[in-house]
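Notes follow the structure.
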Amino acid sequence: MVREKSMLGAKVRALRRQKSVSQVQLADRLGISPSYLNLIEHNRRAMPAPLLIKIAEIFELDLKALSTEQDARTVADLMELFGDPIFEHEDVTTAEVRDLAAHAPTAARGILKLYHAFREAREAADNLAIKISGRGDLTGVDASRMPTEEVSDLIQRHTNHFPEMEEGAEQLWRDARLGGDDLQQGLEHQLRLHGIQVKIERTADMGDAIRRFDPEKRVLTLSEVLRRGSRNFHLAYQIGLETQHAALDRHAADPLLTSDSARALARVLLANYFASAVLMPYGPFLDAARQERYDIDLLGHRFRTSYEQVCHRLTTLRRPGAEGIPIHFVRVDIAGNISKRFSASGLRFARFSGACPRWNVFQAFLTPGMIRTQLSQMPDGTTYFWVARSVYKEGGGFHAPRTPLAIAIGCEVGHARKMVYADGMNLDSREAVVPVGLTCRLCERTDCEQRAFPPIQHPLQVQENVRGVSFFAPVSDR
């Protein structure tokens with residue numbers, strides 16, 4: 001995990017050079033001396049807020065482009081990249097990576113893109129080798145994860161809070177006068193106003209879909225397997241597609257998204273965001289979360305939503321002046337694959353490799369349906385409070401069995417007392433803290449019995465006559 005302050009001066013210098021603007025020209029437009037700008041660019045003077053705003057105006061930038069959050073993510077991604085075994089003999093230090101991200105951000109992003117391409121090529125080659133050898137049929141396999149990564153970066157950059165979607169959901173509640181016990185009836189009425197008919201079909205007639213929309217016939221068909229909360233979610237999702245064109249189009253046009261697949265995925269996820277905001281309106285949901293101390297099951301019963309939907313919604317409570325706890329969220333399958341992730345707490349998740357097996361999200365599979373809590377400490381000393389539980393993704397029948405998943409949310413330990421799950425825990429106990437890392441390759445802890453790879457900081461040393469707590473843990477000479 002990397003939590004470093006961004007070097008704003010270096011970013012300004014890189015941006016100025018990218019735009020072919022001289023130091024004298026920029027200083028003149030800022031109303032300061034070139035020497036003062038030079039000190040700022042070399043991080044020898046702090047960047048005053050008025051100057052930062054002027055720079056954003058001059059270069060027509062969103063201030064988020066200069067945020068420290070983006071710097072920290074880039075450094076974390078680069079450190080994970082250099083943890084790949086192909087760099088095993090390269091002594092790349094954290095300081096070097098931090099300098100690269102600060103002084104050459106474009107080059108840093110280029111290296112990350114190149115590594116993405118390398119991994120895709122390597123996976124494609126592996127898949128082709130398996131297919132040629134007759135060990136499996138990989139027809140249709142797409143190794144690329146770029147669209148999902150791009151959309152994940154877009155969501156992270158906006159801290160998973162999209163005011164337009166929130167305002168649209170609140171407008172719908174006012175205009176449609178939603179409320180009472182039958183939200184479904186109100187949502188279906190709104191769809192009828194848009195000329196859309198809602199039908200519920202048998203599972204056999206839906207094939208492998210749970211939702212289908214025919215834009216020509218204006219018919220939305222939902223599967224009978226959807227429970228009431230999920231049915232309302234899909235109704236609200238369709239309303240989002242019908243009413244939030246401007247916001248969906250604007251975010252889908254973000255330069256971060258470089259393919260049609262990424263842009264389409266962004267629209268879907270933002271429409272999902274709108275649906276969650278309809279089912280769990282910001283103000284009432286935040287008030288309930290505070291009142292019930294983030295009790296996920298209670299919130300699910302009150303708003304008639306699933307455990308996962310509540311966890312998702314808790315991560316979006318970032319409205320300025322009305323913020324919830326900064327929460328991280330991760331969802332994994334039984335093989336350990338991370339299918340969803342987001343962090344408002346500062347916790348970093350691995351992008352290119354597996355996560356630390358000590359996280360309690362993996363242990364949640366051992367006690368199905370039970371809440372598991374954990375205090376975890378990263379190598380930099382930051383301590384987090386985790387809440388994890390297994391859930392099932394409904395399949396719809398005997399021939400479509402339920403899929404087990406595990407979901408974990410959490411926050412920095414300083415916020416833990418606001419959550420009901422911390423009751424009875426000694427949050428100050430050092431013995432209760434579980435040492436964890438980001439990935440084995442980046443974790444410096446050599447005394448971990450669950451280590452799967454040697455750390456990049458220590459070359460692999462194999463001794464015939466001595467064995468440590470794990471095969472990859474170095475042993476001191478005696």
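Bear in mind these aren't lab numbers, they're just calculated from the coordinates by the rules spelled out. Everything numeric in this text was worked out from a predicted model, so none of it was measured. We place every Cβ from the backbone using ideal geometry, glycine too, and count neighbours over all the protein chains shown.
Apply 1/(1 + (r/R0)^6) to the Cβ-Cβ distance of Lys393 and Ala107, taking R0 = 30 Å, and write down the FRET efficiency to the nearest 0.05. Calculated transfer efficiency: 0.15. Note on Ser35 and Thr403: the extension gain reaches 126.3 nm, defined as 0.36 nm multiplied by sequence separation minus the Cα-Cα distance.
Where a ≥ b ≥ c are the square roots of the eigenvalues of the C-alpha gyration tensor, would you call the range 322-435 rounded, which needs a/c under 1.5, or, failing that, prolate if a/b is larger than b/c, or oblate? Since a/c reaches 1.5 and a/b is larger than b/c, the shape of the range 322-435 is classed as prolate.
Below 8 Å, C-alpha to C-alpha, sequence gap of six or more: please give me the relative contact order for the range 145-279 in percent.
Working: 148 pairs, mean separation 46.5, N = 135.
Rounded, it is 34 percent for the range 145-279.
Within the range 145-279, antiparallel bridges make up roughly 45 percent of the DSSP beta bridges whose residues both belong there.
A DSSP coil position with no more than 14 other Cβ atoms inside 10 Å describes none of the trypsin sites (Lys or Arg not before Pro) in the range 313-375. The overall shape of the range 145-279 is oblate: from the C-alpha gyration tensor, with semi-axes ordered a ≥ b ≥ c, the ratio a/c is 1.5 or greater and a/b is no larger than b/c.
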